[in-house]
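These notes are about the structure you will find just below.
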Amino acid sequence: MKQEILVKVEHMNKRFGSTVALKDVSIEVCSGRVLGLIGENGSGKSTVTSIIAGMQNADSGTMTYHDKEWKPGSMLYSLEHGIGMIVQETGTVPGITVAENIFLGETKFFKSFGEKHKWGPVKRKLLNQKAQEALDAIGASHIRAEQMTANLDLQERKLIEIARIMNKHPEVLVVDETTTALSQKGREIIYNIMEQMKKENKAVVFISHDLEEIMEKCDALTVLRDGNIIVTFDKSEFDEDKIKSSMIGRQLEGDYYRSDYDGSCEDEVVLEMKDVNLTGKLIDFNLQLHKGEILGIGGLSHCGMHTLGKVMFGNKKPESGEIRIKGKKLKNEADAMKHMVGYVAKDRDTESLCLNASIKDNIAVGGLDQFTTGGFLIFPWNEKKYVQKQVETLSIKCAGINQYVSALSGGNKQKVVFGKWIGRGSDVLILDCPTRGVDIGVKQAMYQLMYQMKKEGKSIVIISEELTELIGMSDRLMIMKDGKIMHEFPRSESLSEADAIQYMI
């Protein structure tokens, strides 16, 4: 099929206050291929695609779609005219059904009294039927249209969003960091959609921090850095080292994962679970975490490991059994914090952060006892100093500590979450998918930070669907399936992903 330029961006500029998000960016999105966008957090990837998709406006520059001026006023307008975007974080409304989310803003077309007037009660059966067809079409039949969205996990909510976008049959699809929120089954759904769109001579713009994934799935790859286009590689030119160095403008220094294979730790048990049960999630679960240990927990998405993190932190109460922190029985989250336990949730935007609050407020909430009197009187200077230290230590890119977290890139949001717990000096960190949606430079910094904390005698639980991450960082790796530990591996140079996968399936 003949390729044509569907979307053309020329000399686009965008600023957020004093921060330059895009600087003279020009991109062509062509039919019949997948264009990858890659770069460090804050490089401008999501900014340029969100402008194409109508989420926000550029300060200057031009766009064309099918050689006609393109100035979308909203994402809904873009989608109705053939450009859809699946955003990085959740794009669903929790308090309504799956069907209502898929046809968000369109339930008027399912009214009972007349096609012309669109009034009367909603034809619920027809709404559910059409929504189920949309879910079935992308391969998400396990999600039922009549379910309440709030009862579904992050991955399932993301699949609802995908169904909503694909139900409009877009000609151009932007996939922004979506695969990081999905299990392998969910990723296969995205990959199949991308492949089908190529066959239909449509276009995909694919944003991902997974270099292996993006090199495999993309036909061309554009690298952004600090709001600038650095280089575009054709598939024949893909080279991992060249792409990495063009992303960060330097060679990565130091180790990425740990270089040692010493899995030793102290004998002291800092967190223990005894015969813990939670229906459908954890079955007679036993676990010990030692001082100075990095314990990895891996498995398929629904094996129970994400629930495990919540139970460890006192966020979910088990039906039987007990959790002890430093020998004391855990009662709830407040109790966990009192015993210097921190928790980074997988769904950071809804569980770990307050997006409509500042960086200062999000970090400071974890350390109130360090700059208040009796928990009531806040000393502003001490609070500012406390927060500024975390911003500098973690190299959080921001306009200032009063900037809203919602304006940050995914990696910088994650740094804010880390700052909340590291600032208060947490002895135990429970990390659920800690590097989801962050670039290789930030990942390396996080891994080095975890290893440094281990050497300081702190204890870390890493829950992840990325086996390379778990094998690269853990002193001990537990593989879960159906709410149980299936196998345990000590740290070893010979441990491979294949060794672990056989206990996951």
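Every read-out reported here was derived from the displayed coordinates using simple, explicitly stated rules and does not represent laboratory data. Note that this is a predicted model, so its numbers are computed, not measured. So basically every Cβ, Gly included, is an ideal-geometry build from the backbone, and we count neighbours across all protein chains shown.
Of note:
- The chain - share of DSSP beta bridges that are antiparallel (%, nearest 5): 55
- Cβ-Cβ FRET estimate between T350 and D67, R0 fixed at 35 Å, reported to 0.05: 0.30
- Loop-located chymotrypsin sites (Phe, Trp or Tyr not before Pro) across segment 326-423 with a Cβ neighbour count of 10 or fewer within 10 Å are F376, with loop assigned by DSSP.
- Segment 160-225 shape via C-alpha gyration tensor axes, a/c threshold 1.5: oblate
- In segment 458-505, the GluC sites (Glu not before Pro) that fall in loop regions by DSSP, at most 13 other Cβ within 10 Å: E493
- Cross-link check: pairs K217/K244; K326/K397; K310/K360; K185/K242; K158/K329; K326/K484 evaluated at a Cα-Cα cut-off of 27 Å; pairs beyond the cut-off: K326/K397; K185/K242; K158/K329.
- As a rough footprinting exposure proxy, the listed residues M148, M453 were ranked by other beta carbons within 10 Å of their own, and the order from fewest upward is M148, M453.
- Using just its DSSP H runs of length 4 or more, each adding -39500 (n - 2.57), the chain gives a mean residue ellipticity at 222 nm of -9000 deg cm²/dmol after division by all residues.
- I248, I5 arranged by Cβ crowding within 10 Å, fewest neighbours leading: I5, I248
- Calculated log10 I(q)/I(0) by the Debye sum over Cα atoms at q = 0.09, 0.10 Å⁻¹ (choose from (1) -0.68, -0.84; (2) -0.85, -0.92; (3) -0.58, -0.72), label: (1)
- For C30, distant residues with modelled amide H under 5 Å away: L6
- Shape call, segment 319-444: gyration tensor on alpha carbons, a/c limit 1.5: oblate
- Candidate lysines for bridging to K125, where Cα separation is under 17 Å - those fewer than 8 sequence places away on the same chain excluded: K108, K111
- Contact order normalised by residue count of the chain, Cα under 8 Å, 6+ apart, percent: 16
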